[in-house]
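What follows draws every value from the coordinates through simple rules; no lab data is involved. None of these values were measured; they are calculated from a predicted model. Cβ: placed from backbone, ideal geometry, glycine included. Neighbour counts: every protein chain shown.
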Ligand code: GDP
């Protein structure tokens, strides 16, 4: 049952309990602030609760700009951060493919995840399939040095996608590494177009903690929300967007290379309505 149907059920009860509505939205990770705003507005008029709910969702996402920054000068540079299993590697491949299909010719992947064994191999397989270049380090090599080597490669490149270690958020060393990578890119190229945090739709409230941890290490500019094809819409992006003012920029909508969309609030709402 989708979120709208669940709300309808709650509101159709004879003795409408605001506490139950509150509990439901909190349990779906929409966050205290959003939930309270909704409840507050309901008190004024609860006849159009679904419209009100939708309006507040729209306001949340309209407060940030989901447009992906591909501004010149070339190369356009994207850094990818995220926990293991979030879909980071797949998202890098999807984005390489996405921009390849949109006229970006010379694309370079930098395999900066030297921590997880297999990460570089996985990315290499994608690079080969997509016909894009890749710079790899050795297992355990300082990721920032791999990034440095990658950025030293003669191009010219239109687009450079940098993978970083999928890390447990509490791992201070790995988070520091991310800060170092950011510095290396800025020193060497003078700009980063986007730092994407890859979040799994199925993670629940933990996605908020991930955002919190990563935002301390690097200037995250956008979220890639993967596994959006899974059952329910992740409410947790609402408090993330509200708190961090960071937009969701892409949605991962399946395991295939083409299963990537730029974010739109309509798509998010259609997930809430089933
Ligand atoms: P990483 O450890 O963060 O690099 O994660 P991977 O890219 O290896 O992805 C982990 C798993 O999630 C793989 O089985 C992917 O096929 C799957 N996956 C990634 N993105 C999506 C998505 O948008 N939808 C679905 N259904 N599966 C996804």
Distance from the stretch 224-274 to the stretch 54-125 (C-alpha centre basis), Å: 14
Where does helix 32-44 land angle-wise versus the long Cα axis of the chain, in degrees 0 to 90, nearest 10? 30
Cα radius of gyration and Dmax for the chain (Å): 20.1, 70
I'd like the orientation of helix 172-189 relative to the chain: the angle between its Cα long axis and the longest Cα principal axis, in ° from 0 to 90, rounded to 10. 60
Rg/Rh (Cα only; Kirkwood hydrodynamic radius) as it applies to the stretch 127-274: 0.98
Here the convex hull volume per residue of the stretch 142-203, taken over Cα atoms and given in Å³, is 89
Report, in cubic angstrom per residue, the convex hull volume of the C-alpha atoms of the stretch 54-131. 134
Expressed as an acute angle from 0 to 90° and rounded to the nearest 10, what is the orientation of the C-alpha long axis of helix 18-27 relative to the principal long axis of the chain? 10
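Based on the inverse mean of 1/r over its pairs of different Cα atoms, what is the Kirkwood hydrodynamic radius of the stretch 1-105, in Å?
One decimal place: 17.3 Å for the Kirkwood radius.
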How high is the FRET efficiency from residue 259 to residue 62, r the C-beta distance, R0 30 Å, rounded to 0.05? 0.75
Largest first, please: the extent of the C-alpha atoms of the stretch 3-62 along each principal axis, to the nearest Å. 34, 22, 20
